[in-house]
Amino acid sequence: MSKICILGSGITGLSVAYYLKKYHPTAELIILEDLKSSGGVIASNEFGDCTVEWGPRGVRPKGNGQLVLEMVEDLGLWDELVFADDKAKKRYLYHDNKLQILPHSLFSFLRSPYLGLILKAFLKDLKAEKVEDDETIAEFVDRHFGEDLRRLFFDSMVSGIWAGDISKMSISATLPFLKKLEARKGSIIKSMFGYKPASVDAKAYPKEITSKALFSFKNGVQTLVNKLKEEFSDSIVYETNVKSINFEASSLVCENGISYHYDSLISTIPAYKLSAFVTDQMAKELNAINYSPVGVLNFQFQKSQLNFDGFGFLVPSKEKSVVLGMVANSNTFPIHGSKGFHVNTVMLGGARYTFAKLKTMDLENETKLFLAKVFGKEIKIDKQELRLLEKAIPQYEKGHLDRVKRIENTSPTNLIILGNYMYGVSIIDIVTKSKECAKSIQ
Ligand SMILES: Cc1cc2nc3c(=O)[nH]c(=O)nc-3n(C[C@H](O)[C@H](O)[C@H](O)COP(=O)(O)OP(=O)(O)OC[C@H]3O[C@@H](n4cnc5c(N)ncnc54)[C@H](O)[C@@H]3O)c2cc1C
């Protein structure tokens, strides 16, 4: 029977443990966690009589999202699931002093104020050529669709999803789907015709489910973590900080003096933490992965205060605001609100700010003033809380995939490196890679 040691019990550590148990039921698992609890950045809380998220707030049920759904079903959590309300399909951009709705259907596309801009961008794309090398998302989008579309849509998408800087992030690592389409015919639009997405290594769920924008749980995303934690309660050792790892002897020693031997070691801790245990060459690569800081402000207000109907809005960086966007949580998952209150989240900061700078700013007040500008009136907030995450989201900068290869090539043979800085930041990417990894272990 092999002994597998996992460092970290965020969603990466827990999901790889889940698949190891499935594919290697006799393997002995030990999960070492630095803190008193599991889940990493995933944290859902009661907030007055509402529910809020401090980390991820949902998973797309489409494509590889079905892998997560399958895990949810297998864990007996199906009845805890909630799907995004279809009414919250509308997404907005805030720029030039107003909220503009993004096209979400053919009808809204035809009536969109962005129609001219989108058609112009499509025409440009039809003439685009293939480029093999990696580029920044900005370079790629400028070649295919032009600067106007980049400044509005792609810029705000990159700050909204990755809290990232479009002029630094890698197209191949962050939006591999676009790069794949380009490799077919040059033009993204032309390549979309007849393109068949890769098959999913999971049960296929019906369209009523996969057509929903997102899923979460009645009590938030942490429900998934809590269940996985329960499954592995005998394997997780909390408050255990690794002091040193001897890769040749396949053993590690913790600060408390306890040592562990293993056959395989899987690291799911952040890059800047793993770097303390590896060769200088590998540490250099790991430390070169930047993480952006994010402020998460959750706030609750009376429903009568605001009549906003969408999922939320994003703010392009040309607006020069510290606000990256707002998610109207209880529009998306009404169960997370209450009879009288809405609960929303504003994301702040991102790659254009340092953590030190964010700490000096009055982010609550900046948010209050910004929302007053967006909605044309001050919203009276009944309850709010701000949390600052110093290294919230790893940035896949240009050349990231080459860096990942160099990390893999310099890694000791009995070390497997997972975590959100390697193969994808989203829960879907993490679960997909965890399954692949557990299946491939001998
Ligand atoms: C604000 C925010 C919003 C997000 N929204 C979404 C979303 O809506 N949808 C989505 O799919 N994704 C979202 N993401 C991304 C996703 O949530 C993360 O990428 C993912 O949860 C990271 O999981 P992880 O296990 O790789 O890392 P982490 O969550 O960082 O977990 C790492 C674990 O390792 C432990 N650890 C650290 N050092 C050591 C050590 N030396 N020894 C032992 N243990 C250690 C930590 O305590 C932690 O438990 C969001 C992320 C953030 C920050």
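Entry remark, the range 31-57: residues being more than 10 Å from the ligand (Cβ to nearest atom) and surrounded by 19 or more Cβ atoms within 10 Å (Cβ to Cβ) number 5 in total. Of all residues in the range 1-28, none that is farther than 21 Å from residue 56 by Cβ and assigned to a loop (DSSP other than H, G, I, E, B) has its Cβ atom under 8 Å from the Cβ atom of a residue that is within 16 Å of the ligand (Cβ to nearest atom) and aromatic (Phe, Trp, Tyr), 6 or more apart or on another chain.
Would it be correct to say that residue 84 is within 16 Å of the ligand (Cβ to nearest atom), at pLDDT below 95 and touching a helix residue (DSSP H, G or I) at 6+ places or on another chain (Cβ under 8 Å)? In short, no. Whether any residue in the range 178-199 is under 30 Å from residue 25 (Cβ atoms) and modelled with pLDDT under 95 is what I want to check. Scanning the range 178-199, I find at least one residue that is under 30 Å from residue 25 (Cβ atoms) and modelled with pLDDT under 95, so the answer is yes. The selection criterion, being surrounded by fewer than 20 Cβ atoms within 10 Å (Cβ to Cβ), under 28 Å from residue 292 (Cα atoms) and away from the ligand (no atom under 12 Å from the Cβ), holds for residue 63. Against the definition (at pLDDT 95 or above, over 22 Å from the mean Cα position of the chain (by Cα) and of a type outside the set (Lys, Arg)), how does residue 77 come out, yes or no? No. Scanning the range 261-305 for residues that are in contact with a helix residue (DSSP H, G or I) (Cβ under 8 Å, 6 or more places away or on another chain), of a type in the set (S, T, N, Q) and without any contact (Cβ under 8 Å) to a residue 24 or more places away in the chain gives 275, 287. The sole residue among 407, 393 that is near the ligand (Cβ under 9 Å from one of its atoms) and either part of a helix (DSSP H, G or I) or touching a residue at least 40 places away in the same chain (Cβ under 8 Å) (or both) is 393. Scanning the range 375-394 for residues that are closer than 21 Å to residue 353 by Cβ and surrounded by fewer than 19 Cβ atoms within 10 Å (Cβ to Cβ) turns up 384, 385, 386, 387, 388, 390, 391.
Selection of the range 56-83 for residues being of a type in the set (Gly, Ala, Ser) and touching a strand residue (DSSP E or B) at 6+ places or on another chain (Cβ under 8 Å) yields 58, 65.
Within the range 29-42, the set of residues being out of contact with any helix residue (DSSP H, G or I) (no Cβ under 6 Å at 6 or more places or on another chain) and in a loop (DSSP other than H, G, I, E, B) comprises 33, 34, 35, 36, 37, 40, 41. Only one of 397, 366 is surrounded by fewer than 19 Cβ atoms within 10 Å (Cβ to Cβ), acidic (Asp, Glu) and out of contact with any Cys (no Cβ under 6 Å at 6 or more places or on another chain); which? Result: 366 is the single residue among 397, 366 that is surrounded by fewer than 19 Cβ atoms within 10 Å (Cβ to Cβ), acidic (Asp, Glu) and out of contact with any Cys (no Cβ under 6 Å at 6 or more places or on another chain). Remark: pairs (first residue in the range 238-259, in contact (Cβ under 8 Å) with a residue 60 or more places away in the chain; second residue exposed (fewer than 13 other Cβ atoms within 10 Å of the Cβ) and of a type in the set (D, E, K, R); Cβ separation under 7 Å; 6+ apart in sequence or on different chains) = 238/36; 239/36; 241/255. The single condition among (1) closer than 13 Å to residue 271 by Cα; (2) surrounded by fewer than 21 Cβ atoms within 10 Å (Cβ to Cβ) that residue 402 does not meet is (1). Do we have residue 70 as surrounded by fewer than 19 Cβ atoms within 10 Å (Cβ to Cβ), away from the ligand (no atom under 14 Å from the Cβ), of a type outside the set (Ser, Thr, Tyr) and under 30 Å from residue 206 (Cβ atoms) here? So residue 70 passes the test.
With respect to residue 22, is the statement that it is surrounded by fewer than 17 Cβ atoms within 10 Å (Cβ to Cβ) and either under 27 Å from residue 199 (Cα atoms) or out of contact with any Leu (no Cβ under 7 Å at 6 or more places or on another chain) (or both) true? When the stated conditions are applied, residue 22 passes them.
The values are calculated or read from the model by the stated rules, or taken from the named source; none is laboratory data. Worth saying up front: this structure is predicted, and the values here are computed from it rather than measured. Heads up, the Cβs are rebuilt from the backbone with ideal geometry, glycines too, and the neighbour counts pull from every protein chain shown.
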